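> Take this structure first; my questions come after.
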Amino acid sequence: MSDQRSLTLNENAKPIFELPVLSGTTGPDVIDVQELYKQTGMFTYDPGFTSTASCSSTITYIDGEAGILLYRGYPIEQLAEKCTFLEVCYLLLNSELPDNAQMQEFEEAITLHTMLHDQLSYFFKGFRRDAHPMAIMVAVVGALSSFYHDALDIKSKEDRDMSAVRLIAKVPTIVAMCHKYSIGLPFMYPQNKLSYVENFMRMMLGTPCDDFVPNPLLVRALDRILILHADHEQNASTSTVRLAGSSGANPYACITAGIACLWGAAHGGANEAVLNMLLEIGDISHIPAYIKKAKDKNDPFRLMGFGHRVYKHYDPRAKLMRATCHEVLTELGLHDDKIFKLALELERIALEDDYFIEKKLYPNVDFYSGIVFHALGIPTNMFTAMFAMGRTVGWIANWDEMIADPDQKIGRPRQLYTGATRRDVPAQHGTSI
Ligand code: CMC
């Protein structure tokens, strides 16, 4: 980063103050406003952070106009084609792709930590069977902090790495247990001989009565979905993790904050909302009425799985997910299934509609991931938990980067106050108590 240039803000053509301009390795420059309040007595106002960089980072780069997504400099398309999810985890955490020995060591560490402390299974039993899996997940991941006092010194790199391994290893086990609990089936213990994704699919979809035989194409599809969800720069949940972590909270508490934020329908909850919307539309003949609703300014209905805050071009993840979606539907012979035909028709119509074209509302990653999860037999209420499983590594990488930054400060935004100005409580108030 450099601060060679400065921005001069003018009033009546008279320069009143100068602000440094910082450049990253790629992407737009940023105006450094840290000294603005000192110089002017004013704050900047940017609800939703539409023009504000909240931190500097070396992890992920997005160019929303060009539809580019890079993890540590590598294009998402190449990572999705050539790497496994665990290799991508290693890359996000360590800045470089692993060699064979590094990968073997990392994979072994993850495999060795997939089991949960047995005491945690009692936690599940405190929930109603019909509790939303995200509610259970928030509680159980948060509870992990009570089990690992041995490695909670956030200033120690060794402890932070240990927490990263534990979270990446245990979150799939927790996700699968949330599902098994909700349908009343026994929990499945992890099996060390299986790969990360095979193991998850067995814990999620298998039962103790049968040998679970993973389908390689479906394993690869799920592995790719996890890669596509692994990180996405300073999105709402990652920013939440950073903000929670900035106070020195432990990593399990911070990741739990991220999971809670992800749950919302405008973020990770969208994949679940997509399927619910498709079920509500019900039939291809009803699509035009729903498109009309989505375009009506007076109707709050939005087409779930369309649009993105950052991508004003096709989301590169959606392009890859679309291909995966078709592979999975073909493999499972589902192209003629009613819900999938409906989804593909909705995609076709929205892509040709002037409203969606003008506003650059392309199908996003959640549109296709919802369809793939449904095809894999994962119930709708588990979709956001699946997203959380992929995103856990991105949250940890960002948390770790923030903690390791010597300039790190507690996050503390300011506000534009619009409430009542100072006033006195009426003299007669409360006299009857
Ligand atoms: N259906 C209909 N109209 C839409 C949609 C949609 N899905 N998305 C945006 N618009 C319209 C919106 O009404 C607005 O119109 P106008 O300019 O006339 O007021 C315009 O497009 C811009 O929308 P915005 O809400 O200002 O855009 P945003 O950047 O704040 O919102 C979004 C982005 C993703 C929240 C929004 O597009 C949305 O609600 N999409 C549906 C939910 C969804 O699929 N979310 C998943 C996002 S991708 C996963 C992730 O990374 O978390």
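The values are calculated or read from the model by the stated rules, or taken from the named source; none is laboratory data. Computed from a predicted model, the values in this text were never measured in an experiment. As a convention, Cβ positions derive from the backbone with ideal geometry for all residues, glycine included, and neighbour counts pool all protein chains shown. Keep in mind that these areas ignore ligands, DNA and RNA; they rest on the heavy atoms of the full protein, side chains included. Shrake-Rupley method; radii C 1.70, N 1.55, O 1.52, S 1.80 Å.
So that you can scan it fast, the table gives a plain yes or no per residue for (1) polar (S, T, N, Q); (2) more than 16 Å from the ligand (Cβ to nearest atom); (3) in contact (Cβ under 8 Å) with a residue 40 or more places away in the chain:
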| residue | (1), (2), (3) |
| --- | --- |
| Val33 | no, yes, no |
| Thr40 | yes, yes, no |
| Phe43 | no, yes, yes |
| Pro47 | no, no, no |
| Thr58 | yes, yes, yes |
| Tyr61 | no, no, yes |
| Gly64 | no, no, yes |
| Ile68 | no, no, yes |
| Tyr71 | no, no, yes |
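> Moving on to the next point. Of the residues Ala420, Ala388, only one is surrounded by 10 or more Cβ atoms within 10 Å (Cβ to Cβ) and small (Gly, Ala, Ser); which? So that I can check it myself, show each step before the final result.
Details: Ala420 fails: surrounded by 10 or more Cβ atoms within 10 Å (Cβ to Cβ).
Selected residue: Ala388, the only one of Ala420, Ala388 that is surrounded by 10 or more Cβ atoms within 10 Å (Cβ to Cβ) and small (Gly, Ala, Ser).
> Further question: Among residues belonging to the stretch 133-174 that are under 19 Å from Gly269 (Cβ atoms), out of contact with any Cys (no Cβ under 7 Å at 6 or more places or on another chain) and of a type in the set (Val, Ile, Thr), point out the one that is surrounded by the fewest Cβ atoms within 10 Å (Cβ to Cβ).
Once the filter is applied, the top-ranked residue is Val138.
> Quick test for you: out of Ala257, Ala318, pick the one residue that is more than 11 Å from the ligand (Cβ to nearest atom), in contact (Cβ under 8 Å) with a residue 12 or more places away in the chain and either of a type in the set (A, V, I, L, M) or closer than 25 Å to Asn235 by Cβ (or both). Steps first, please.
Numbers: Ala318 fails: more than 11 Å from the ligand (Cβ to nearest atom).
So the residue among Ala257, Ala318 that is more than 11 Å from the ligand (Cβ to nearest atom), in contact (Cβ under 8 Å) with a residue 12 or more places away in the chain and either of a type in the set (A, V, I, L, M) or closer than 25 Å to Asn235 by Cβ (or both) is Ala257.
> Please count how many residues of the stretch 237-288 are assigned to a helix (DSSP H, G or I), open to solvent by 60 Å² or more (accessible area, probe 1.4 Å) and more than 18 Å from Asn364 (Cβ to Cβ).
Residues meeting the conditions: 7.
> If you take the residues in the stretch 218-236 that are among the charged types (D, E, K, R) and either more than 10 Å from the ligand (Cβ to nearest atom) or not in a loop (DSSP other than H, G, I, E, B) (or both), which one is farthest from the chain's Cα centre (by Cα)? Talk me through it step by step, then tell me what you get.
Of the stretch 218-236, the ones among the charged types (D, E, K, R) are 220, 223-224, 231, 233.
Those left that are additionally either more than 10 Å from the ligand (Cβ to nearest atom) or not in a loop (DSSP other than H, G, I, E, B) (or both): 220, 223-224, 231.
Values: Arg220: 20, Asp223: 16, Arg224: 15, Asp231: 7 Å.
Only one residue tops the list, namely Arg220.
> Inspect the stretch 78-90 for any residue being more than 16 Å from the ligand (Cβ to nearest atom), open to solvent by less than 40 Å² (accessible area, probe 1.4 Å), at negative phi and among the hydroxyl-bearing types (Ser, Thr, Tyr) and give the result as yes or no.
yes
> Test Phe306 against the stated conditions and say whether it is among the aromatic types (Phe, Trp, Tyr), within 24 Å of Met386 (Cα to Cα) and either within 14 Å of the ligand (Cβ to nearest atom) or over 16 Å from the mean Cα position of the chain (by Cα) (or both). First the steps, then the outcome.
Working: among the aromatic types (Phe, Trp, Tyr): yes; within 24 Å of Met386 (Cα to Cα): yes; either within 14 Å of the ligand (Cβ to nearest atom) or over 16 Å from the mean Cα position of the chain (by Cα) (or both): yes.
Considered against the rule, which asks whether it is among the aromatic types (Phe, Trp, Tyr), within 24 Å of Met386 (Cα to Cα) and either within 14 Å of the ligand (Cβ to nearest atom) or over 16 Å from the mean Cα position of the chain (by Cα) (or both), Phe306 comes out as yes.
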